[in-house]
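A.B. asks: Quick one: structure below, then a few questions.
The values are calculated or read from the model by the stated rules, or taken from the named source; none is laboratory data. None of the values given here were measured: they were computed from a predicted structure. Note that we place each Cβ from the backbone using ideal geometry, even for glycine, and neighbour counts take in every protein chain shown.
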Amino acid sequence: MPVSYVQIYSKLRKNKVWLVNMIVECVSFVQAHGFEVAIGFEDASRADITFMLSIISTLEAMGIKSVRYADTVGVLTPARAADTVKSLMKNRNIDIEIHVHNDLGMAVANSIEAAKAGAKYIDCTMFGLGERAGNCNLFHFLHATERLYDCGITTHQIGQVQKEIAYVIWGGV
């Protein structure tokens with residue numbers, strides 16, 4: 001769901017009250033059908049933190065355990081990534097996932113700082129592939145954090161998978 005005012009008012013042509021009502025309606029519907037729900041905050045890096053915290057409070061009351069903070073337009077900086085993750089987690093009992101884009105070349109740095117600040121999930125892609133300039137490169141993230149975290153996979157394993165993918169996609173390049 002878009003949480004920045006730019007997205008809510010321009011893209012959806014709706015308001016914050018409508019958005020929160022739709023969130024509650026959608027989450028209730030999915031939960032009524034027995035599914036666990038995780039919410040993605042689209043364009044969160046341009047959103048008001050107070051608004052996101054109020055949504056998180058509503059989601060927590062509904063039993064939601066995880067929220068994805070998306071830097072949809074790739075404008076996040078490492079310091080802001082860390083500060084925002086800390087702010088979203090403060091006095092809340094919810095896991096934070098970070099999803100960043102590499103428009104400014106900061107996807108790995110933003111992801112590392114978000115992880116250090118407490119983000120439990122880090123979205124990464126093979127070769128950093130993704131929209132526009134891409135996303136956080138899994139190999140680079142693992143390489144940079146292997147002394148900080150046990151991610152359950154090594155850079156050597158990812159390197160092997162990347163070689164196989166490169167062979168299939170690019171004919172062995």
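A.B. asks: Quick one: would you say Ser10 is more than 18 Å from the chain's Cα centre (by Cα) and over 27 Å from Ala81 (Cα atoms)?
C.D. replies: no
A.B. asks: Inspect region 60-67 for any residue being surrounded by fewer than 18 Cβ atoms within 10 Å (Cβ to Cβ) and closer than 30 Å to His140 by Cα and give the result as yes or no.
C.D. replies: yes
A.B. asks: In this structure, does Ala119 turn out to be small (Gly, Ala, Ser), in a helix (DSSP H, G or I), modelled with pLDDT of 95 or more and under 29 Å from Thr154 (Cα atoms)?
C.D. replies: Against the criterion (small (Gly, Ala, Ser), in a helix (DSSP H, G or I), modelled with pLDDT of 95 or more and under 29 Å from Thr154 (Cα atoms)), Ala119 does not qualify.
A.B. asks: Kindly check whether there is at least one residue in region 6-14 that is surrounded by 13 or more Cβ atoms within 10 Å (Cβ to Cβ), over 30 Å from Asn102 (Cβ atoms), in contact (Cβ under 8 Å) with a residue 24 or more places away in the chain and among the polar types (S, T, N, Q).
C.D. replies: So far as region 6-14 goes, no, none of its residues is surrounded by 13 or more Cβ atoms within 10 Å (Cβ to Cβ), over 30 Å from Asn102 (Cβ atoms), in contact (Cβ under 8 Å) with a residue 24 or more places away in the chain and among the polar types (S, T, N, Q).
A.B. asks: Right, something else. Look at Ala44 and say whether it is modelled with pLDDT of 95 or more and surrounded by 15 or more Cβ atoms within 10 Å (Cβ to Cβ).
C.D. replies: Yes, satisfied.
A.B. asks: Go through (1) at negative phi; (2) in contact with a helix residue (DSSP H, G or I) (Cβ under 6 Å, 6 or more places away or on another chain) and name the single condition Gly134 misses.
C.D. replies: Failing condition for Gly134: (1).
A.B. asks: What number of residues in region 1-11 are under 22 Å from Val37 (Cα atoms) and either aliphatic (A, V, I, L, M) or assigned to a loop (DSSP other than H, G, I, E, B) (or both)?
C.D. replies: 4
A.B. asks: Here is a list: Glu60, Glu36, Glu25. Which entry is farther than 30 Å from Ala133 by Cα, part of a loop (DSSP other than H, G, I, E, B), without any contact (Cβ under 8 Å) to a residue 60 or more places away in the chain and over 15 Å from the mean Cα position of the chain (by Cα)?
C.D. replies: Glu36
A.B. asks: Now for a different question. Mind listing whichever residues of region 116-126 are in contact (Cβ under 8 Å) with a residue 24 or more places away in the chain and out of contact with any Phe, Trp or Tyr (no Cβ under 7 Å at 6 or more places or on another chain)?
C.D. replies: Lys116, Ala117, Gly118, Ala119, Lys120, Tyr121, Asp123, Met126
A.B. asks: Quick one: in region 29-41, which of the residues that are farther than 24 Å from Val100 by Cβ and aliphatic (A, V, I, L, M) is surrounded by the fewest Cβ atoms within 10 Å (Cβ to Cβ)?
C.D. replies: For region 29-41, the residue satisfying everything is Ala32.
A.B. asks: Go through region 47-59 and give me each residue that's surrounded by 14 or more Cβ atoms within 10 Å (Cβ to Cβ) and not β-branched (Val, Ile, Thr).
C.D. replies: Those that are surrounded by 14 or more Cβ atoms within 10 Å (Cβ to Cβ) and not β-branched (Val, Ile, Thr): Ala47, Phe51, Met52, Leu53, Leu59.
A.B. asks: Quick one: how many residues across region 63-96 are assigned to a loop (DSSP other than H, G, I, E, B) and in contact (Cβ under 8 Å) with a residue 24 or more places away in the chain?
C.D. replies: Summing the residues that are assigned to a loop (DSSP other than H, G, I, E, B) and in contact (Cβ under 8 Å) with a residue 24 or more places away in the chain in region 63-96 gives 12.
A.B. asks: How many of the residues in region 141-173 are part of a loop (DSSP other than H, G, I, E, B) and either at positive phi or in contact (Cβ under 8 Å) with a residue 12 or more places away in the chain (or both)?
C.D. replies: Result for region 141-173: 6.
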